[in-house]
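J.: Have a look at this one before I ask anything.
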Amino acid sequence: MNWTLGAAAVFLTLASGAAADTALLFDCSEGKGQYLHDRSGNGNNGLFGSTPGLEADDPGWTKVAPSRWALSFDGVYPCKVTVADGPSLNPTDRLAIAAHIKRSVAQPGVIVNKDWSVYCLYINMDGMLCFLYRDESNGLHNIDTKCFIPLERWLEVKVVVDAPRKAIDFHVDGKLVDTKTFVGAGFYQKNSAPLDIGFNSAQKIYPFSGMLDRLEIQIPKRGAQRL
């Protein structure tokens, strides 16, 4: 994902490999098995469901093109991918999340969630793209947008959070669709929970119904000039 702070364009560059600040990169190229392999080099691999074994609530593999696979989420608890906690997944003052998804059912759904207390990119009950986070003082902020995510359409959805600039930018298919104010100086740091994809395990709500074939998270060090 290449991006410049304050710029309108934010886009994935998966073909060229992970950038230095990439914390997690899934391209779903496996097409089989129980794991997503992190292409960022940080070892943030994803486990289907809750155990390494096959389970009825695991996400499924779907071939969406001759050489392209996607994960299918059935929108039923607890269909998810779990990534163990690690230092590279916990931001200080900046964060970018980009996901290529296709929503299937008109229900709320989590795309990426870090314990519902650090950061969460999700779709609400009205089908709008939203972002939730806790600031460094443990204050909870739920950021709603007016960006509707339609059904049965592949879209790249992105959130770019820049606490020093006090900005949260939302993008869909490379277009800036909304900007909100970041309150606080950075993200809450006292957290050791895993990262969820497709579900909120902390509160057992918002299972995602649809497909995902790319996910990238970038987290720079505090004071860095570029993600």
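J.: Considering every residue within region 126-138, establish whether at least one is touching a Cys at 6+ places or on another chain (Cβ under 6 Å), modelled with pLDDT of 95 or more and hydroxyl-bearing (Ser, Thr, Tyr).
T.: no
J.: Next question. What pairs come up if the first residue lies in region 89-115 and is more than 20 Å from Cys28 (Cα to Cα), the second is β-branched (Val, Ile, Thr) and assigned to a loop (DSSP other than H, G, I, E, B), and their beta carbons are under 7 Å apart, counting only those six or more places apart or on different chains?
T.: From region 89-115, the pairs are Asn90/Val118; Pro91/Ile219; Leu95/Ile219.
J.: Also: Going by the structure shown, is Lys221 more than 30 Å from Thr51 (Cα to Cα) and in a strand (DSSP E or B)?
T.: When the stated conditions are applied, Lys221 does not pass them.
J.: Right, another one. When Gln34 is evaluated against the numbered criteria (1) surrounded by 13 or more Cβ atoms within 10 Å (Cβ to Cβ); (2) under 23 Å from Ser104 (Cβ atoms); (3) in contact with a Ser or Thr (Cβ under 6 Å, 6 or more places away or on another chain), which criterion, by number, is the only one it fails?
T.: Status for Gln34: all satisfied but (3).
J.: Next question. Give the residue that is nearest to Leu129 (Cα to Cα), with candidates limited to residues of region 163-177 that are of a type outside the set (A, V, I, L, M, F, W, C) and either in a loop (DSSP other than H, G, I, E, B) or out of contact with any Lys or Arg (no Cβ under 6 Å at 6 or more places or on another chain) (or both).
T.: Asp169
J.: So which residues in region 178-218 are surrounded by 19 or more Cβ atoms within 10 Å (Cβ to Cβ), in a loop (DSSP other than H, G, I, E, B) and either of a type in the set (Gly, Ala, Ser) or at pLDDT below 90 (or both), if there are any at all?
T.: Of everything in region 178-218, those that are surrounded by 19 or more Cβ atoms within 10 Å (Cβ to Cβ), in a loop (DSSP other than H, G, I, E, B) and either of a type in the set (Gly, Ala, Ser) or at pLDDT below 90 (or both) turn out to be Gly186, Gly198, Ser201.
The values are calculated or read from the model by the stated rules, or taken from the named source; none is laboratory data. What you see is a predicted model, and the numbers here were worked out from it, not measured in a lab. In this analysis, Cβ positions are derived from the backbone assuming ideal geometry, glycine residues included, and neighbour counts consider all displayed protein chains.
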